[in-house]
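The values are calculated or read from the model by the stated rules, or taken from the named source; none is laboratory data. The structure presented is a predicted model; accordingly, all values stated were derived computationally and were not measured. No Cβ is skipped: glycine too gets one built from the backbone with ideal geometry, and neighbour counts run over all protein chains shown. Side chains are part of the model used for accessible areas, which takes the heavy atoms of the whole protein and leaves out ligands, DNA and RNA. Shrake-Rupley method; radii C 1.70, N 1.55, O 1.52, S 1.80 Å.
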Amino acid sequence: MNIIDERSRECLAIRVKRKLNSTGAIDALTDLFILRGAPSSIRSDNGPEFVAQAARDWIATVGAKTAYIEPGSPWVNGYCENFNARMRDELLNGEIFYSLREARITIEEWRKYYNTKRPHSALGYRPTAPETTIPMDQRPMMH
């Protein structure tokens, strides 16, 4: 499951599992909401992990609206579809994973690269969330 911020185009999380249910989707979103706050809406396909009553109730409880994508209308979710294509072309088509753990580690490293280093044409060939560093001589003193 890929979670993309439509505004910044940053990939916020990727959950790698053999099968994802509504509990897994809720867990992934909960982690993000704790760190970043709840969004005004969540766009998703009509997969069982998002149309389950538990997921719909949870999304309503956190104050977000749902924006489901009509079946057969992938263009409605263009940012995520574009991300999925890049991930497939740049990573998945060239890898063979021998374990779920290996897949999680490799995919997370690629997600970090995608956000912090990979240039995006729609953003003027800048990464979505470039790494920033403060030179040692400019850091505040710790007492």
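A compact table of results
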| read-out | value |
| --- | --- |
| Selected residue (criterion: nearest to ILE4 (Cα to Cα)) from residues of the range 86-121 that are among the aromatic types (Phe, Trp, Tyr) and assigned to a helix (DSSP H, G or I) | TYR114 |
| Total residues in the range 127-143, condition among the basic types (Lys, Arg) and either at pLDDT 90 or above or within 18 Å of the chain's Cα centre (by Cα) (or both) | 0 |
| Single residue of the range 86-116 satisfying the filter (under 16 Å from the mean Cα position of the chain (by Cα) and basic (Lys, Arg)) that is least open to solvent (accessible area, probe 1.4 Å) | ARG111 |
| Neighbours by Cβ (under 7 Å, 6+ apart or cross-chain): first from the range 25-40, exposed (fewer than 12 other Cβ atoms within 10 Å of the Cβ) and at pLDDT below 90; second in a helix (DSSP H, G or I) and aliphatic (A, V, I, L, M) | none |
| Any hit, the range 54-65, residues being out of contact with any Pro (no Cβ under 8 Å at 6 or more places or on another chain), within 21 Å of ARG118 (Cβ to Cβ) and outside any strand (DSSP E or B) | no |
| Selection from the range 41-51 of residues that are free of Cβ contacts under 8 Å to residues at least 40 places away in the same chain, open to solvent by 30 Å² or more (accessible area, probe 1.4 Å) and out of contact with any strand residue (DSSP E or B) (no Cβ under 8 Å at 6 or more places or on another chain) | PRO48 |
| Residue among LYS65, LYS17 that is exposed (fewer than 15 other Cβ atoms within 10 Å of the Cβ), of a type in the set (Lys, Arg) and in contact with a Leu (Cβ under 8 Å, 6 or more places away or on another chain) | LYS17 |
| Qualifying positions in the range 71-85 - open to solvent by less than 50 Å² (accessible area, probe 1.4 Å), in a helix (DSSP H, G or I) and either touching a Pro at 6+ places or on another chain (Cβ under 8 Å) or without any contact (Cβ under 8 Å) to a residue 24 or more places away in the chain (or both) | GLY78, ALA85 |
